[in-house]
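Just so it is clear, none of the values below were taken in a lab; they were calculated from the coordinates. Please read these numbers as outputs of a predicted model, since none were measured by experiment. Please note: Cβ atoms are built from the backbone with ideal geometry, for glycine as well, and neighbour counts cover all protein chains shown.
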Amino acid sequence: MEQKKYWVQRHPIWTAIIVIIGLPMLISAIGDSTDGGSNINTSSNQSAVSAAPEPVKERVVIPVEIVSSKITPDSIGTPILHVTVKNNSKKTIDAMTIMTSFTNNYDEPVGKWGMKEKDYFAGLVQDEISPNETYSSEWNLAVYDTATKATGTEVYKVHFTDGETLLVE
């Protein structure tokens, strides 16, 4: 019987495993470190060029006012979120996303299925709301079954009938 000289020939399965695992890691490492040599300083007389600071983005003001936000139980005890908003813009709204989080009576955060973690709820409205109109909507919070209070309720995103979208960043 002929004895195989090389480790690769004696251990073909281990070789395949190493290639399958190691090759993508090697390619990734090479890809991350190659940027065309832009970090190489070939002259001691070069000075560092600092990038101009990015302009500070202004927070988008969404012209919708939260008039009220409360949770009441329905006839079987499931919490229902009631939100009333007022369109303070001069345009008609045809979609809006409301973001809020919930607490229980101990002011502990309430997540889905009773988890005690801060979890944001996004309620979508897709009805037309005319300028200066007050509009109410409600959502069933069955998965937030221990929620008793809505906190930090705000309008996150608005779409107008003219196609403009405003988004809080």
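Table for the structure above
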quantity: The stretch 64-167, relative contact order in percent, only Cα pairs under 8 angstrom and at least six apart counted; calculated: 37
quantity: Sparsely packed GluC sites (Glu not before Pro) within the stretch 120-168, loop by DSSP, other Cβ within 10 Å at most 11; calculated: Glu164
quantity: Label point distance in nm, Ile20-Glu154, each placed 7 Å from Cα along Cα→Cβ; calculated: 4.9
quantity: At R0 = 22 Å, FRET efficiency that the Cβ-Cβ distance of Val67 and Lys116 yields, to 0.05; calculated: 0.15
quantity: FRET efficiency estimate (nearest 0.05) - Cβ-Cβ, Asp145 to Lys91, R0 45 angstrom; calculated: 0.75
quantity: Rg in Å to one decimal, and Dmax rounded to a whole Å, for the stretch 95-163 via C-alpha atoms; calculated: 13.9, 44
quantity: Residues with amide H under 5 Å from that of Asp145, placed H, sequence gap 5 or more; calculated: Trp113, Gly114
quantity: Of Lys91/Lys118; Lys86/Lys157; Lys90/Lys149; Lys86/Lys112, those spanning more than 26 Å from alpha-carbon to alpha-carbon; calculated: Lys91/Lys118; Lys90/Lys149; Lys86/Lys112
quantity: Nonlocal amide H pairs with Tyr156, under 5 Å, H built at 1.01 Å; calculated: Thr97, Ile98, Met99
quantity: FRET efficiency for Leu124 and Ser75, using Cβ-Cβ distance with R0 set to 25 Å, rounded to 0.05; calculated: 0.50
